[in-house]
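The values are calculated or read from the model by the stated rules, or taken from the named source; none is laboratory data. As the structure is a computational prediction, the values presented were derived from the model and not from experiment. Counting neighbours? That spans all protein chains shown, and the Cβs are built from the backbone with ideal geometry, glycine included. Heavy atoms of the whole protein, side chains included, go into the accessibility calculation; ligands, DNA and RNA do not. Shrake-Rupley method; radii C 1.70, N 1.55, O 1.52, S 1.80 Å.
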Amino acid sequence: MSLKRLSVQNLRNLSYVDLELAEHLNIIYGANGSGKTSLLEAISVLSLGRSFRSRKIKSLIKSEQEQLTVFGRLVVDGEQSVEMPVGVSRDRQGGGQIKVDGCTVSSASQLTEHLPLQIMNGHSFQLLEGAPQVRRQFMDWLVFHVEPGFLSLWKDVQKLLKQRNSVLRRDKIDPLLLAPWDKELAVKATQLDQMRQQVFDRFLARFKALVEDFIAIDGLMLSYYRGWDREQSYSECLEAGLNRDIDLGYTRVGPHRADIRIGILKQPAAEVLSRGQQKLLVSALRIAQGAVFQEITGRRCVYLIDDLPAELDSHYREVLAGWLDRLQSQVFVTGVERDVLISAWPVQSKERTQSVFHVEHGMVTTCETAPVDTVNKPTEYEVGQ
Ligand SMILES: Nc1ncnc2c1ncn2[C@@H]1O[C@H](COP(=O)(O)OP(=O)(O)O)[C@@H](O)[C@H]1O
Ligand SMILES: [Mg+2]
């Protein structure tokens, strides 16, 4: 999947942007505060219905404007001639519309399905130092994209847990009342766990094969924790923990507590690694995910890499760029200095198409793609105002 065209209106400092994008590498450079991250946020609106930076839509809409609009044309992998229009509008009152291929859809998950994104930015460190929820979401990204039944199963489990928790909070609880909920919950939770386990095993094999290229870490261990005791079935766990759950007023263990444990010699990775090493590890995790996604579905995901040079020296910038190049994915990469970004990628290959964009005060200019040591002249204005 790749994004061929991107039009943005009234998103942060971007009043109006209309760009033709390269199928592979899109380099976005400009001074601090010029609008580079905002451009990436616009792409994330087309995939998630919102920004990766914040769930608050009001801060995303340009000040003094009522609504933002992002429109894109996707090219389906393997069918270069088939284009799919997608569009999202959001207003200050919380209203909005999502359109996929000409039809209004009710859920952003339908956007996500068509435009699978991997995002690497300052928040990526959360994958190592954040709460289990961050790693669970990371794992579920892949499960969602490769297992068609995942989303409805996940929703069923959430609903059953909510119902069970509301029963647990009643003054008087009849365990017999809980039995039917628990039975159904146990069946679905077990299915969800099996789906996650299978996808994780596949992911781990791929990750192990590539991580050493990024960073050699002695004793690095990744393991999947399903959210409850390995030795017990989920129904046994629910039964054994019932009194404790009644005291707490919620279900303590289950698939809603699943995690990926990332440790180095039994220490959490975030406590042992330097910032640069953490960035490499997180990058390896995201590259492995994109690679497995590609192996299983035959489709490519899109990578947004905000501020590539931060915390990475030139060698590791090249390692990361080299892997992205091998995946042949569409990449949007930002940074202040244009040449630092361009020089990270392997010397122009015939298979790769690339574009360079300069962002200045919310205006985006398409530049000629030229070798690193020549000056880029803007060729066309893509931006109004
Ligand atoms: N809702 C908004 N309306 C107008 N401008 C905004 C809004 N939110 C943020 N900005 C401004 O947009 C500019 C671009 O931000 P950003 O995309 O993060 O820049 P960069 O990534 O290039 O450093 C900043 O100067 C910021 O103050
Ligand atoms: Mg930025």
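Things to note:
- Taking every protein chain into account, the accessible area of the chain amounts to 47 square angstrom per residue (probe 1.4 Å).
- Per-pair calculated FRET efficiency, R0 = 25 Å: residue 297 and residue 59 via Cβ, rounded to 0.05: 0.15
- Relative contact order computed over the chain (Cα-Cα under 8 Å; 6+ residues apart), in percent: 25 percent
- Take 91-102, 127-138 and order them by the average number of nearby Cβ atoms within 10 Å per residue, most first; the result is 127-138, 91-102.
- For the chain, share of DSSP beta bridges that run antiparallel, in % to the nearest 5: 75 percent
- Between amide H atoms placed 1.01 Å from N, distances below 5 Å from residue 117 occur with 302, all of them 5 or more places distant or on a separate chain.
- Heavy-atom surface analysis with a 1.4 Å probe gives the range 3-154 a carbon and sulfur content of 48 percent of its accessible area.
- Dividing the mean sequence gap of close Cα pairs (under 8 Å, 6+ apart) by how many residues the range 37-81 holds gives a relative contact order of 28 percent.
- Cα gyration tensor shape for the range 74-156, rounded if a/c is under 1.5, else prolate or oblate: prolate
- Whole-number D in µm² s⁻¹ for the chain, Kirkwood Cα-pair radius fed into Stokes-Einstein, 37 °C, 0.692 mPa s: 146 µm²/s
- Cα shape, the range 252-344, gyration tensor, a/c 1.5 rule: oblate
- DSSP-defined beta bridges in the range 257-367 - what % are antiparallel, rounded to 5: 65 percent
- Calculated from backbone phi, Karplus (6.51, -1.76, 1.60) coupling profile of the range 13-28 in Hz, x at Gly/Pro: 8, 8, 6, 7, 9, 9, 10, 8, 10, 7, 5, 10, 9, 10, 9, 10
- Here is the list for the range 182-266: GluC sites (Glu not before Pro) lying in DSSP coil, each with at most 12 other C-beta atoms within 10 angstrom of its C-beta, are 231.
- Proximal aspartates and glutamates relative to residue 162, as straight alpha-carbon distance under 15 Å, when same-chain residues fewer than 8 apart are discounted: 182, 184, 245
- Helix 132-146 vs. the chain, principal-axis angle (Cα, 0 to 90°, nearest 10): 70 degrees
- Cα shape, the range 110-177, gyration tensor, a/c 1.5 rule: oblate
- Sequence-ordered 3J(HN,Hα) estimates for the range 217-224 from the Karplus curve with 6.51, -1.76 and 1.60 and θ = phi - 60° stand at 10, 5, x, 5, 10, 10, 9, 8 Hz, glycine and proline given as x.
- Computed on the range 125-298, with alpha-carbon pairs under 8 angstrom and 6+ residues apart, the relative contact order is 34 percent.
- Against the main long axis of the alpha-carbon atoms of the chain, helix 314-327 sits at an angle near 80°.
- Ordering of 219-225, 275-281 by packing [mean C-beta count within 10 Å, highest first]: 275-281, 219-225
- Relative to the longest principal axis of the Cα atoms of the chain, the long axis of helix 36-48 makes an angle of roughly 50 degrees.
- Calculated mean residue ellipticity, 222 nm, the chain: -13500 deg cm²/dmol, from DSSP H runs (n ≥ 4) at -39500 (n - 2.57) each, averaged per residue and rounded to 500.
- Order by protection proxy (mean Cβ within 10 Å, highest first), peptides 148-157, 198-207, 317-326: 317-326, 198-207, 148-157
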